[in-house]
């Protein structure tokens, strides 16, 4: 049973770590988590690879005269390309801490999380945004499940979603 909690928390917190979190200026204050940080480093490497691919595709368009070269918006082109900003792992660490505390003492989980992660601007709102993202991920998972694609992976997400239903923060 405890193993189920762990695997659900790991999956959910990794998914939520893909979203940025609004933090106060200054150093991050809160409990760090190695698993989330390692996952974040893989995501950053993948994002940088995608960014490099996009830049090389754009360069190829310029070198092969597929686009107008004489232009004044090169900086804007760079900014408008995808993968311009790295994500931070803060929301993943916050959600992991929160979900772990819902297992031990659900009534005080939000209070404990807010006391631990004091560098968050609006922790409840960021968690709510994270769970809204999770809901959208689940819509995609359900489509995949209906198409009988990646059934084992879909089942992992569906089990985690069922586990999460009673642990969401109350508004």
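Just so it is clear, none of the values below were taken in a lab; they were calculated from the coordinates. The shown structure was predicted, so the numbers you read here are calculated from the model rather than taken from an experiment. Because the Cβ atoms are built from the backbone with ideal geometry, glycine has one as well, and the counts that use them run over all protein chains shown.
Check residue 37 against each of (1) exposed (fewer than 14 other Cβ atoms within 10 Å of the Cβ); (2) within 24 Å of residue 158 (Cα to Cα); (3) within 13 Å of the chain's Cα centre (by Cα) and name the one condition it does not meet. It fails just one condition, (2).
When we screen 136, 88 for residues that are loosely packed, with under 11 Cβ neighbours inside 10 Å and closer than 14 Å to residue 16 by Cα, the only hit is 136. Taken as a whole, the condition of being touching a helix residue (DSSP H, G or I) at 6+ places or on another chain (Cβ under 6 Å), assigned to a helix (DSSP H, G or I) and closer than 30 Å to residue 35 by Cα applies to residue 98. Of all residues assigned to the range 140-158, at least one qualifies as being exposed (fewer than 13 other Cβ atoms within 10 Å of the Cβ), over 18 Å from residue 39 (Cβ atoms) and under 16 Å from the mean Cα position of the chain (by Cα). Within the range 143-152, the set of residues being touching a helix residue (DSSP H, G or I) at 6+ places or on another chain (Cβ under 8 Å) and assigned to a helix (DSSP H, G or I) comprises 144, 145, 151.
Name the single residue that is farthest from the chain's Cα centre (by Cα) among those in the range 99-118 being buried (at least 17 other Cβ atoms within 10 Å of the Cβ) and closer than 16 Å to residue 23 by Cβ. My answer is 116.
Among the residues of the range 18-28, is any assigned to a helix (DSSP H, G or I) and either under 30 Å from residue 155 (Cα atoms) or free of Cβ contacts under 8 Å to residues at least 24 places away in the same chain (or both)? I'd like the intermediate steps shown before the answer.
Start the filter on the range 18-28 by keeping residues that are assigned to a helix (DSSP H, G or I), which leaves none.
Looking through the range 18-28, none of the residues is assigned to a helix (DSSP H, G or I) and either under 30 Å from residue 155 (Cα atoms) or free of Cβ contacts under 8 Å to residues at least 24 places away in the same chain (or both).
Among the residues making up the range 113-128, those that are out of contact with any helix residue (DSSP H, G or I) (no Cβ under 8 Å at 6 or more places or on another chain) and part of a helix (DSSP H, G or I) are 115, 125, 128. Screening the candidates 138, 110, 93 for the property of being over 19 Å from residue 11 (Cα atoms), in contact (Cβ under 8 Å) with a residue 12 or more places away in the chain and assigned to a helix (DSSP H, G or I) yields one hit, 110. In the set (1) within 30 Å of residue 170 (Cα to Cα); (2) touching a helix residue (DSSP H, G or I) at 6+ places or on another chain (Cβ under 7 Å), residue 81 fails one condition alone, (1).
For the range 36-84, filtering for residues that are touching a residue at least 12 places away in the same chain (Cβ under 8 Å) and assigned to a loop (DSSP other than H, G, I, E, B) leaves 4.
Taking the stated definitions as given, is residue 169 within 17 Å of the chain's Cα centre (by Cα) and touching a residue at least 24 places away in the same chain (Cβ under 8 Å)? When the stated conditions are applied, residue 169 does not pass them.
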